[in-house]
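Have a look at the structure below before the remarks.
The values are calculated or read from the model by the stated rules, or taken from the named source; none is laboratory data. For clarity, every value in this text was computed on a predicted model and none was experimentally measured. Glycine also receives a Cβ, built like all others from the backbone with ideal geometry; neighbour counts cover every protein chain displayed.
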Amino acid sequence: MRTRDLSFPRRVQSIEPSPTVVFKELAERRRAEGLEVYDLTIGEPDFDTPPHIVEAAYDALKTGFTHYVHSRGIPELRNAIAAKLLKDNGLRYDSEREILVTLGGKQAIFSAIMAMVGEGDEVLVLDPAWVSYDPMVRLAGGIPIHVPLDAAHNFTINEERLAEHLSPRTKMVILNSPNNPTGRVATMEELRNVASIAEKADLLVISDEIYEKLVYDGREHVSIASLPGMENRTLVVNGFSKSYAMTGWRLGYLVGPAKIVGTVLMVHQHSVTCATSFIQKAAVAALAGPQDDLRSMVAEFKVRRDLVVKGLNEIPGVRCSTVEGAFYALPDVSAFGGSTEVAKTLLQKGGVATVPGVSFGACCDGHLRLSFAASREKLKLALTAMRSVLQGIS
């Protein structure tokens, strides 16, 4: 029997594989060949999930809490999220109508874009930007409009630069602070710049705050939703992967105005039904339980941050700004060539796996993203290998 020729929608054909995954797979292939690899690609804490969180999931499993739950999330978790938002961010949300528990922060963002972005709608993506924002917009039929921030000014968010990229079709702007890949924490001035544009152009804002707890040197994360007039036009996305070392658990949440969250709920219901039941019990324990493991993890990340930034700046030809949040460094390696070329050379000759900066936007070419969510020993060995390889490049 003759099979039908497969044709795929243009919106799917336009999507390319995640560069982060591509370079991680290259690293794994090298490791499978028995070669040394220092994998600094994936943004995943190398800590175990805190024991009290694991115990909460185990207890839920033992008591048979393994069935469907409310699509919005179990009330106990939504109440815990509401309490967290009020305490940490000064945000007051109705747990019945304005909070949605999702399969990770990524699914929260994707569902929000699917619900709110129509065919031909434009979405401002502030480059350097996480690699999945652009494909998500394209899959929804929207048009990602990349706003290149200036590397010479440490990628600060400028209102005039944003305004230059507006059009009558602009529907939304995506903000990420603390930022992946730059490690920057948005200042109040930068948040006001985004808020000003959003109000003038009547835009929705998706505020990706997944790295909220990972900030250093006394800095404070501020949610843009807390600024005057922004709560009614902002969807805040957060989760448990980064702060509580729960990447494989896949749990996040979205909060915002009831009408918008209710619309996102339709996408959520018809795609995943609900987030995993017993994992939601674990998330309650994460928010309501002791935070000692989180504080210890952040303290260790700070030590690694200092080690990596110092080590990179000691390599001739490499420059690296201080990392303010998250667990990524974004060194400038433009003295040695384009980011893809340098990343491939480091992997092939030194076994150091990084992600080319160009993956996060054209303005980031000449940079590499490396994750310092790895042991101090591995980071020291990776820095030594980087120095050796780069010194060999004329």
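Have a look at Ile206, Ile260 and point out the one that is in the same structural domain as Pro75 (by TED's automatic domain parsing), modelled with pLDDT of 95 or more, part of a helix (DSSP H, G or I) and not polar (S, T, N, Q). Selected residue: Ile260, the only one of Ile206, Ile260 that is in the same structural domain as Pro75 (by TED's automatic domain parsing), modelled with pLDDT of 95 or more, part of a helix (DSSP H, G or I) and not polar (S, T, N, Q). Screening the candidates Ser375, Ser388 for the property of being surrounded by fewer than 16 Cβ atoms within 10 Å (Cβ to Cβ) and either outside the structural domain of Arg304 (by TED's automatic domain parsing) or under 14 Å from Phe336 (Cα atoms) (or both) yields one hit, Ser388. Could you grab me the full set of residues in region 21-39 that are farther than 20 Å from Glu377 by Cβ and among the aromatic types (Phe, Trp, Tyr)? Phe23 - this is the single residue of region 21-39 that is farther than 20 Å from Glu377 by Cβ and among the aromatic types (Phe, Trp, Tyr). If the condition is being in a helix (DSSP H, G or I) and either closer than 30 Å to Met246 by Cα or at pLDDT below 95 (or both), then region 364-384 contributes Cys364, Arg376, Glu377, Lys378, Leu379, Lys380, Leu381, Ala382, Leu383.
Out of region 20-38, which residues are in contact (Cβ under 8 Å) with a residue 60 or more places away in the chain and within 25 Å of the chain's Cα centre (by Cα)? Scanning region 20-38 gives Thr20, Phe23, Lys24, Leu26, Ala27, Val37, Tyr38.
Within region 161-179, is even one residue charged (D, E, K, R), without any contact (Cβ under 8 Å) to a residue 60 or more places away in the chain, part of a loop (DSSP other than H, G, I, E, B) and assigned by TED's automatic domain parsing to the domain that holds Gly90? There is at least one residue in region 161-179 that is charged (D, E, K, R), without any contact (Cβ under 8 Å) to a residue 60 or more places away in the chain, part of a loop (DSSP other than H, G, I, E, B) and assigned by TED's automatic domain parsing to the domain that holds Gly90.
Results for (1) among the polar types (S, T, N, Q); (2) outside the structural domain of Tyr253 (by TED's automatic domain parsing); (3) under 22 Å from Leu214 (Cβ atoms), shown as yes or no for each residue.
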site	(1), (2), (3)
Arg29	no, yes, no
Leu35	no, yes, no
Asp39	no, yes, yes
Glu44	no, yes, yes
Ala57	no, no, no
His67	no, no, no
Leu86	no, no, yes
Gly104	no, no, yes
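For region 4-120, the helices (runs of 4 or more DSSP H) that sit wholly inside it and include 3 or more residues that are among the charged types (D, E, K, R) are 19-32, 51-62, 75-89. Six or more apart or on different chains, Cβ atoms under 7 Å: show the pairs whose first residue is in region 338-356 and within 13 Å of Arg30 (Cβ to Cβ) and whose second is basic (Lys, Arg) and modelled with pLDDT under 95. Matching pairs, first to second residue: Leu347/Arg30; Gly351/Arg30; Ala353/Lys24. Residues of region 201-220 that are free of Cβ contacts under 8 Å to residues at least 40 places away in the same chain and either of a type in the set (A, V, I, L, M, F, W, C) or over 16 Å from Ile174 (Cα atoms) (or both): Ala201, Val205, Gly218, Glu220. Checking Ala275, Ala286 one by one, the residue that is outside any loop (DSSP other than H, G, I, E, B), crowded, with 21+ Cβ neighbours inside 10 Å and more than 19 Å from the chain's Cα centre (by Cα) is Ala286 and no other.
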